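The values are calculated or read from the model by the stated rules, or taken from the named source; none is laboratory data. Predicted model, so just to flag it, every value in this text is computed and none were measured. With ideal geometry, Cβ positions are generated from the backbone for all residues, glycine too; neighbour counts draw on all protein chains shown.
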């Protein structure tokens, strides 16, 4: 059974300004596109007021969300870490 989760990333131990992360961005973008094509990553994007990001993910439970996002190249490199994983119910704009 698939559930919907809101996950937030925060700056990790190896956070650097975006210009220092450019070498990882293509790998992170490819990883994100693959998860989106699989129907796992519904939407994602950076915060505009602080280091971090938000993602909407489909998974069985929070442990699966963590297992998926732990494979993100920017998480593996320590630029970001998982801040919070919260289940929620979509009432408007149900993703297909």
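Of the residues 81, 34, the single one that is in contact with a helix residue (DSSP H, G or I) (Cβ under 8 Å, 6 or more places away or on another chain) and surrounded by 11 or more Cβ atoms within 10 Å (Cβ to Cβ) is 81. Go through region 1-26 and count every residue that is in contact with a helix residue (DSSP H, G or I) (Cβ under 8 Å, 6 or more places away or on another chain) and modelled with pLDDT of 90 or more. The number of residues fulfilling the criteria is 4.
Go through region 39-49 and count every residue that is part of a loop (DSSP other than H, G, I, E, B), free of Cβ contacts under 8 Å to residues at least 12 places away in the same chain and in contact with a strand residue (DSSP E or B) (Cβ under 8 Å, 6 or more places away or on another chain). Summing the residues that are part of a loop (DSSP other than H, G, I, E, B), free of Cβ contacts under 8 Å to residues at least 12 places away in the same chain and in contact with a strand residue (DSSP E or B) (Cβ under 8 Å, 6 or more places away or on another chain) in region 39-49 gives 1. Of the residues examined, residue 41 is one that is in contact with a helix residue (DSSP H, G or I) (Cβ under 8 Å, 6 or more places away or on another chain), modelled with pLDDT of 90 or more, surrounded by 13 or more Cβ atoms within 10 Å (Cβ to Cβ) and more than 15 Å from residue 84 (Cβ to Cβ). Selection of region 75-88 for residues being under 24 Å from residue 14 (Cβ atoms) and in contact (Cβ under 8 Å) with a residue 60 or more places away in the chain yields 75, 77, 78, 79, 80, 81, 82, 83, 84, 85.
The listed residues are 54, 65, and the only one of them that is in contact (Cβ under 8 Å) with a residue 24 or more places away in the chain, part of a helix (DSSP H, G or I) and closer than 21 Å to residue 91 by Cβ turns out to be 65. Being in contact (Cβ under 8 Å) with a residue 24 or more places away in the chain, surrounded by fewer than 16 Cβ atoms within 10 Å (Cβ to Cβ) and part of a loop (DSSP other than H, G, I, E, B) is true of residue 16.
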